[in-house]
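Data first, discussion second: the structure below is written as structure tokens.
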Amino acid sequence: MVEGSYASGISTFPLPGMSIGKMVNNIAAKYPDNEALVSVHQNIRWTYREFLERVNPVARGLMQNYHLFFVNSTRVTKVFFMYPCQ
């Protein structure tokens with residue numbers, strides 16, 4: 001895997017040194033029943049457990065080089081495609 005930049009700007013707090021995916025997995029392991037995603041206009045409230053159940057299959061598909069296309073950027077669908085790409 002290619003190493004990314006570790007520039008944290010002027011912050012005094014160091015970067016966590018992990019991907020967004022790894023961070024979400026860590027949070028989900030500690031707080032699986034806490035809300036992770038809320039979309040009021042879609043009447044959706046997912047816990048971290050529910051979020052990972054829905055996002056991980058998409059992530060596996062992306063890892064197998066599937067090409068995905070979506071247009072609607074105001075819906076939860078966008079999260080499905082942004083999170084696994086991290």
Requested in this report: Using amide H atoms built 1.01 Å from N in the peptide plane, name the residues 5+ places from L37, or on other chains, whose amide H lies under 5 Å from its own.
Outcome: W46
Query - Order of V55, V24, V38 under a 10 Å beta carbon neighbour criterion, fewest first - result: V38, V24, V55
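Arrange L15, L52, L37 by Cβ neighbour counts within 10 Å, fewest through most, would you?
Details: L15 12, L52 20, L37 17.
Sorted ascending by nearby Cβ count, the order is L15, L37, L52.
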Report summary line: Computed ³J(HN,Hα) along the range 17-27: with the Karplus parameters 6.51/-1.76/1.60, θ = phi - 60°, integer Hz and x for glycine or proline, the list is x, 8, 6, 4, x, 5, 5, 5, 4, 5, 5
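Please give the contour-minus-distance gain from Q42 to N25: 0.36 nm per residue of separation, less the Cα-Cα distance, rounded to one decimal in nm. Numbers along the way, then the final one.
On the way: separation 17, 0.36 × 17 = 6.12 nm, distance 2.43 nm.
Difference between extended and current length: 3.7 nm.
We did not get these values from a lab; they are worked out from the coordinates using the rules stated. All values reported here derive from a predicted model rather than from experimental measurement. In this analysis, Cβ positions are derived from the backbone assuming ideal geometry, glycine residues included, and neighbour counts consider all displayed protein chains.
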